1. Can you tell me which condition Ile7 does not meet? The list is (1) at pLDDT 85 or above; (2) assigned to a loop (DSSP other than H, G, I, E, B); (3) among the β-branched types (Val, Ile, Thr), and all the others hold.
2. Which residue is surrounded by the fewest Cβ atoms within 10 Å (Cβ to Cβ), if the candidates are limited to segment 75-95 and must be hydroxyl-bearing (Ser, Thr, Tyr) and assigned to a loop (DSSP other than H, G, I, E, B)?
3. Suppose the filter is more than 30 Å from Thr5 (Cβ to Cβ), at pLDDT 80 or above and not aliphatic (A, V, I, L, M); does Thr39 pass it?
4. Residues of segment 10-26 being of a type outside the set (A, V, I, L, M) and in a strand (DSSP E or B), which ones?
5. Just to be sure before I move on: is Lys70 at pLDDT 85 or above, of a type in the set (Lys, Arg) and within 36 Å of the chain's Cα centre (by Cα) in the structure I sent?
Amino acid sequence: MKIYTKIVLDSKNKVIEEKYFNYSGPLALAGIHYDFKSTRGTKAMEKQAKREKKLAERKAKRDAKEGPKKEVEAEEVLDASKALTLDFITNPDKK
């Protein structure tokens, strides 16, 4: 009996490539058997991708609801022609 490991078909279901081996044993032992450990990494990546997609959708929805963001006001640039005084540097209330 042929046990196929890879079959590549074209759009018209014609075989392009096939890989197989001959097997002559109980059919129950011929299949692919996965355990939890062998698929753990793949499942974790899928779960992370799903979580990131959901967060991106929430962020997009929230941004659409709030409207365009206002730009943060830039701090005033010091005038180079004026001299810095001790009062100007140390007084936090002075603007």
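1. (2)
2. Taking the candidates together, the pick is Ser81.
3. Taking the combined requirement at face value, the residue does not satisfy it.
4. Listed by number, the residues that qualify are Glu17, Glu18, Lys19, Tyr20, Phe21, Asn22.
5. no
The values are calculated or read from the model by the stated rules, or taken from the named source; none is laboratory data. These figures come from a predicted structure and were not determined experimentally. So basically every Cβ, Gly included, is an ideal-geometry build from the backbone, and we count neighbours across all protein chains shown.
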